[in-house]
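Everything on this sheet refers to the single structure shown next.
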Amino acid sequence: MSNRQNLDRDRKTEEASSLKSRSPRRLLVTGGAGFIGSNFAHYWCKAYPDNRVVVLDALTYAGSLRNLEALDSQDGFRFVQGDICDPILVEALIKAENIDTVVHFAAESDVDRSILGPVAFVRTNVLGTSTLLETFRQCWKRRGYPESDRFIHISTDEVYGSLGADEPAFTETTPYNPNSPYSASKAGSDFLVRAYHHTYGLPTLITNCSNNYGPYQFPEKVIPLMLINMIMGKPLPVYGDGQNVRDWLYVEDHCRALDLAIHKGIPGETYNIGSSNQLKNIELIYKLCELMDKLAPKLPVRPCQDLITFVKDRPGHDRRYAMDTSKIETQLGWQPQITLEQGLHKTVKWYLKNRKWWKALLSKDYKSA
């Protein structure tokens, strides 16, 4: 790293540490009935019970009101079913609730589905983000450009593309190189968020996270898919040779990182969020099998590893992701608190305990192996 880069990093660290921690009071959480969004809603309502949390979600296949049932009785919580591509609805909601902070999770997010139907991903991820940005900008303008307002855009490490085995981890300055319709649509939305800050001064931040896991994750994702298939005695499909590497972030750690970004993040900045838990897919599945064998004595097939089945690799399957999180650690003081072993143990126990939750989802448009 050059002296100039070091000076720039030190300046931003000092700016973040000296910045008065803002106190958002009225949040619009888009996609808040989905996996990460619902976990964030639970986290925020518990951490800041005096705040207003309004969830906007279209309740497509991956969103469920069951994820938010525990929040229904809270005075500061409200759920609205609607489409982020609807500017009239979005504007009415921001104005009626006097929203000062948008936390934007809403997205089509499954790579396989993006390969089968890319248009929906462009609509939601690009057009939807554009609608939110422009509507929030107009409301921000009418309110006199408050410096404390924030638009937090949650993105993915997949926008950076694929890493070779010995290449250094992604940083916030890694050039974008998306390889799937999903990651391309997320890259497009990231560029829009960045442009709205540089063009209009809108106080936006972008966070790029690694693979999340934990409670309320829809069964098409690899960890819940594997766990549910083990419980049901179904094959465990492994793409290609199983050597693809991912970094695994427990969702509660992600929520803590977003908390810091909302309160102390510098507008216009991007922050990578990961946990340095890089694991080959097949290694992850072995760990899940061992945990399930230990925690669930009455399984249709034991050991669970006997269910592993290698299947044809998907098109454009990125080989490796790895995140350099030194920026958010240095500037905002974030560190993951849940180890991979702790997180996987908690997750396996949750899916064993909450069978009614995921069984209800199996009747939806669910792509099982």
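Read the figures in this text as sums done on the coordinates, not as results from a lab. From a predicted model like this one, the values you see are computed outputs, not experimental measurements. Here the Cβ positions follow ideal geometry from the backbone for every residue, glycine too, while neighbour counts run over all protein chains shown.
Measuring between alpha carbons in the structure, the pairs from Lys234/Lys298; Lys312/Lys349; Lys287/Lys346; Lys221/Lys287; Lys186/Lys359 lying more than 19 angstrom apart are Lys312/Lys349; Lys186/Lys359. Close amide-amide hydrogen proximity is noted between Thr204 and Phe151, Gly268, each under 5 Å apart and 5 or more residues distant or on a separate chain (H modeled in the peptide plane; Pro and chain starts excluded). What shape does the stretch 29-105 take by its C-alpha gyration tensor, where a ≥ b ≥ c are the square roots of the eigenvalues and a/c under 1.5 counts as rounded, a/b above b/c as prolate, and the rest as oblate? Oblate, since a/c reaches 1.5 and b/c is not below a/b. Averaging Cα coordinates gives a centre for the stretch 114-135 and one for the stretch 321-346; these two points are 29 Å apart. Separation of the stretch 220-261 and the stretch 197-215, taken as the distance between their Cα centroids, equals 21 angstrom. By the Cβ distance rule (another cysteine Cβ under 4.7 Å), the unpaired cysteines of the chain are Cys45, Cys85, Cys139, Cys209, Cys255.
Each of Ile328, Tyr250, His317 was placed along the dipole of the chain (beta-carbon charges, centred on the mean Cα), and the one lying farthest toward the positive end is Tyr250. Note on Lys264: lysines with a C-alpha under 20 Å away, same-chain residues under 8 apart excluded, are Lys12, Lys20, Lys46, Lys327. Please state the shape class of the chain: rounded when a/c is under 1.5, otherwise prolate if a/b exceeds b/c and oblate if not, all from the C-alpha gyration tensor. The shape class here is prolate. Only Cα pairs under 8 Å and 6+ residues apart enter the sum, and on that basis the relative contact order of the chain stands at 19 percent.
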